[in-house]
Ligand SMILES: [Zn+2]
């Protein structure tokens, strides 16, 4: 057996083998058509073959990864994307990436079935009835409007093209969903994809296409190889769009078409703020999907350079910010709407170049190459990462992340938590932009930093989960270089200090530290967390709970820090019944019983509630507060619609011995302190006691209460 073959290749393996189809391929280094398979001409699609393909002219080797020849390398600027892939490697394994299971189609539906569904819906005289009769899942239905919008756009723009028997290159093919449209239309399809994981999925989803791994900036194909080159929702993921478009034009036959679809663009004079504002709440971007909104010029610069050799058609799916001139207003010309509906608007070229640079929206291009173009061809960057080695490293998530972390550009290493630079890099690593004066940074679901450990022996993190609307048991996982080193249970609303010994971490090397919040709650808000410190420090005992952020915690936190020490909890309920029940449920979950004082007309609703005793009732508020409670003793909580109504309820409780202030639980779960500023020496209530004349604010009252609670434990 060839020594370059995959180490764990088994000759008894009966799985199918693929032959590399290198027609029209060229070496991305020396640009000659000298690529040859170096190993038996067959590749097991479950294995990795380093140097499985060799250039006979310059001697450069290329890897075949899981059945896909990778005719290129990864550059340093790709490292973040590779870390994202590596950090999820265990998930891919769980999804049986390398097993012989059925392909994972979009939303669990095979691509052929998806396209039948979209086309059937489009042609059906009664679309709703058609869809209802297909028995599709709710998940598929949730994707359907988007997919259908793209389907109509594709149909509309390609209406005049005969795709049968055409040689089509799909740049940035992903896992092949859109490539399948061309397979279906009878084209000979080549798919180019950067990610080995996606390319492998694509090979299984759309085996009718030829799959090649590589970079769109250095297309590994000879000039004039294709009748149609398409980038479907791909260009805005690519760093160098003008370069990519030049390359796409180079590999077109004269008479062939360049087609780009589903890209967002922004005004030429706009800056990064536009992107940051769009993406700061985008959970896909916060999870590492590198979406961009390029400037309009990024899409057209390379085309305009060769304007005399091209027939350029520009379409928009939507446009924002069109400035109408006074003549148009006077003539009452039809307004250029924000949305064109499902059908794209085609622009006259001069009009597009005049108007679109000052707008933003969705863009599509259909460009016919009249005469061949020969731009200078780039070589891939040196010192880059080999796809085969990278893919092999995914066997161990930890070692893959560790290896990649050392490739992170130095500007992104040891950044302070509240650094306001590199906002896009931070977004992709899970961090929202900093908010001035806030003192912490908010992350979504998982967040990553790259730090150098200069000889300290512990990792310190201070974290808080702010979503209080529903209770759960969120946990924070800490990973160092992809390896799980600690798991801590959080109490929502409370800052938690975590100190993890890190004996095994190499010193003076760049280390990837990742925080992951896991929760049983589905809403995005529940996956947010705040971090106010992260870094290396000295080993010391962990203070499980740090002091509370006094106006920002939930009823669970109140119990956690010992401020709900009496059981049953005596409480006053406002007439917001749903809120009352929700709070009672939360208390019961924590093992508390409740004694409630309820509005008189709702009293009976609580009689059948388990572990709830109605100890009093009150009538509507009256000005003098004399409507009165049957019992005012030992009230700990007020459950109210808002702070004023909590204050009003509190004022009903106050007498000489009664409370001057109290905790109020508001809808959304936040606990606040309500009441008058405690001037008296005694503020009453069992938990509070005498706190002296120095007290001037509730913050101090609470700080005192916390201290007492801590001392009594
Ligand atoms: Zn070569």
Strands (runs of 3 or more DSSP E) wholly inside region 482-585 containing at least 3 residues that are modelled with pLDDT of 90 or more and farther than 22 Å from residue 611 by Cβ: 483-489, 496-501, 510-518, 528-537
Tell me which of these residue 416 doesn't satisfy, since it passes every other one: (1) surrounded by fewer than 16 Cβ atoms within 10 Å (Cβ to Cβ); (2) in contact with a helix residue (DSSP H, G or I) (Cβ under 7 Å, 6 or more places away or on another chain). (2)
Single residue of 156, 142 found to be assigned to a helix (DSSP H, G or I), in contact with a strand residue (DSSP E or B) (Cβ under 9 Å, 6 or more places away or on another chain) and over 30 Å from residue 22 (Cα atoms): 156
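Mind checking which residues of region 30-44 are touching a strand residue (DSSP E or B) at 6+ places or on another chain (Cβ under 9 Å), more than 10 Å from the ligand (Cβ to nearest atom) and not in a strand (DSSP E or B)? Reasoning before the result, please.
From region 30-44, those touching a strand residue (DSSP E or B) at 6+ places or on another chain (Cβ under 9 Å) are 30, 32-39, 42-44; that's our starting set.
Retained after the next criterion (residues that are more than 10 Å from the ligand (Cβ to nearest atom)): 36-39, 42-44.
Once the filter is applied, which keeps residues that are touching a strand residue (DSSP E or B) at 6+ places or on another chain (Cβ under 9 Å), more than 10 Å from the ligand (Cβ to nearest atom) and not in a strand (DSSP E or B), region 30-44 yields 38, 39, 42, 44.
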Applying the selection to region 164-195, what residues are in a helix (DSSP H, G or I), surrounded by 24 or more Cβ atoms within 10 Å (Cβ to Cβ) and touching a strand residue (DSSP E or B) at 6+ places or on another chain (Cβ under 6 Å)? 179, 182
Top-ranked residue in region 14-29 [being modelled with pLDDT of 85 or more and surrounded by 14 or more Cβ atoms within 10 Å (Cβ to Cβ); ranked as farthest from the ligand (Cβ to nearest atom)]: 24
Looking at region 405-457 only, could you name the residues that are in a helix (DSSP H, G or I) and over 19 Å from residue 516 (Cα atoms)? 410, 411, 412, 423, 424
Kindly provide the set of residues from region 443-493 that are without any contact (Cβ under 8 Å) to a residue 60 or more places away in the chain and out of contact with any strand residue (DSSP E or B) (no Cβ under 7 Å at 6 or more places or on another chain), ordered by number. 455, 472
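The values are calculated or read from the model by the stated rules, or taken from the named source; none is laboratory data. A quick note: this is a predicted structure, and the numbers were derived from the prediction, not measured. Counting neighbours? That spans all protein chains shown, and the Cβs are built from the backbone with ideal geometry, glycine included.
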